[in-house]
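As structure tokens, the structure follows; a few thoughts come after it.
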2 protein chains.
Amino acid sequence: MKTTLDCIPCLFRQALDAARMSSADPAVHEKLLRDVMTWCGDMDMNKPAPVMGQRIYRHLRGATGVKDPYLKAKNSQNLLALRLLPELRAALKNAPDRLGLAARLAVAGNIIDMGGAGDPSLAGVRKALRQAMTEPLRGNFAAFRRAVKKAGTILYLADNAGEIVFDRLLIEELGPARVTVAVRGAPALNDALLADARAAGLHEIVKIIDNGSDAPGTILEQTSRAFSAIFKRSELVIAKGVGNYETLSEAPRPVWFLFKAKCPMIADCAGVPLGAHVLRLGK
Amino acid sequence: MKTTLDCIPCLFRQALDAARMSSADPAVHEKLLRDVMTWCGDMDMNKPAPVMGQRIYRHLRGATGVKDPYLKAKNSQNLLALRLLPELRAALKNAPDRLGLAARLAVAGNIIDMGGAGDPSLAGVRKALRQAMTEPLRGNFAAFRRAVKKAGTILYLADNAGEIVFDRLLIEELGPARVTVAVRGAPALNDALLADARAAGLHEIVKIIDNGSDAPGTILEQTSRAFSAIFKRSELVIAKGVGNYETLSEAPRPVWFLFKAKCPMIADCAGVPLGAHVLRLGK
């Protein structure tokens, strides 16, 4: 998905937020904003927005020496989600369609996003969960169910910390034995890393890999060989979140996307109302 | 008031909105955003944000040939406000403190702002009116009342179209014989021009002048000689709206500001909660 003009004010908003997470010095914040302006002035709008996001976060890490400004936030988000886990498990236990509900809960978890229009507060998560309990996913769930049933191997691309705890419920329904979970290779926003997958307990049930990249999405040219191989050969790929949708919507293989359409541009691109919970097959 | 770093994403948002009001050509929108990035890269943050706003709107007028992209919106806003006038007059008629209520209604009208966090819809205006009916202004109204009582001449700086209809109610309470109303000298956003003052019927009750400038605020160095003279010599100056507050908060004379603190930066600067209805004496 290309960068839209509407992404630009939002990228500046994100850059400012990230600068404030990394440093208390207003001079650092101003310098970063001016740098982003220089880069954006001749940016390639054909590339997805997370390419610019990556550049911003890399630059901040270099300028401030803070390797993972979102670490504390990610830890809190994992804890928040873990506290909700028992009640979600209880809801799942009695659900007539466990795979369906688990997928909807996993999409609700996508609200835990610090990139733009997310809301990682408990109130935000509760609201998304209520929506998940009452609304079907927008997309062809029957086809997704068939694809899941048929697949011998599944690659699951995680998105954010906290959200990855919700992903665990879906992964349990998919059947962990055939699932590999991939996280980002280095800090990018509040995107999940290996530590977050472990916080969610995923290391106890599935194989976890990292994709070798620090992009807040999956930029295939930047991922490790190991990741590329498994991305190619997995029979089913499930990609969570908006960053993965933006970067993989034109991937050279079918990918099932699960995300919450939190911003008007994403909703428009996916042809759904703002805030909708979406299941979409790319390619 | 200086430009804050948080103003920058908002300026881009405004530039994009204005570009779309002026042209249907995405290439024009993109070109403008890239131009704004170049300018912002070395902008003087010590100047108020409307200085950049002015540059954006001027550039758009030059690039598109559309002299007043907000003309239609302004006409609708005047009509919307005129339709509300009878019920507001009825409320005022029975008010124990007519000047107080008229000031609160005039501030409610400041929601009709297309610059940032405004909401010129009927629902937005109704919400602001409910707030005006129930909440006192944040500020020293007793001092304002004394200043009004004492003043032989009053200069009233209008802000937006639509809003200027609400201003009429306050101007009637101030006593039109001693009031001069000033509007912008040329199109800037949905800021009121002479035509809007006439739409509000102000030409029937007061002297109206324009300030000779196309800034979405009052940049004193740019205003006409006639305006400067009356600005200096008026015994009382009342300035409506956020653009006037941003540009005149350090003016070389006392100014009474009346505005709705629609964005977090303005609220922060004025020391009030977001959305508060504010009365403030500058200098």
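Coordinate-derived values only; no laboratory data. Every value quoted in this text rests on a predicted model; they were computed, and no experiment measured them. All Cβ positions, glycine included, derive from the backbone under ideal geometry; neighbour counts span all protein chains shown.
Structure above, values below:
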{"read-out": "Rg/Rh ratio calculated on Cα atoms of chain A (Kirkwood radius)", "value": "0.95"}
{"read-out": "Packing rank of B:126-138, A:49-61, where each peptide gets the mean count of other beta carbons within 10 Å, highest leading", "value": "A:49-61, B:126-138"}
{"read-out": "At 0.692 mPa s and 37 °C, Stokes diffusion of segment B:176-283 via Kirkwood alpha-carbon radius, µm² per second", "value": "227 µm²/s"}
{"read-out": "Cα-Cα P(r), segment B:1-116, percent of pairs per 10 Å interval", "value": "12, 34, 26, 19, 9, 1"}
{"read-out": "Helix A:122-134 axis, angle to chain A major axis (alpha carbon atoms, nearest 10°)", "value": "40 degrees"}
{"read-out": "Using a Förster distance of 51 Å, the FRET efficiency for residue B:207-residue A:126 (Cβ separation, nearest 0.05)", "value": "0.35"}
{"read-out": "Surface/4 estimate of mean projected area, convex hull on alpha-carbon atoms of the protein assembly as shown, nm²", "value": "27.4 nm²"}
{"read-out": "Taking segment B:93-216 and dividing mean pair separation by its residue count, relative contact order in percent (alpha carbons under 8 Å, at least six apart)", "value": "24 percent"}
{"read-out": "C-alpha long axis of helix A:71-93 to longest principal axis of chain A, angle in °", "value": "20 degrees"}
{"read-out": "When segment A:7-64 is reduced to its Cα atoms, the Kirkwood hydrodynamic radius in Å", "value": "11.3 Å"}
{"read-out": "Helix B:49-64 vs. chain B, principal-axis angle (Cα, 0 to 90°, nearest 10)", "value": "60 degrees"}
{"read-out": "Two-decimal Rg/Rh across segment B:72-170, once Rg and the Kirkwood Rh are taken from alpha-carbon atoms", "value": "0.97"}
{"read-out": "Spin-label model distance (nm) - residue A:85 vs residue A:98, 7 Å beyond Cα toward Cβ", "value": "1.7 nm"}
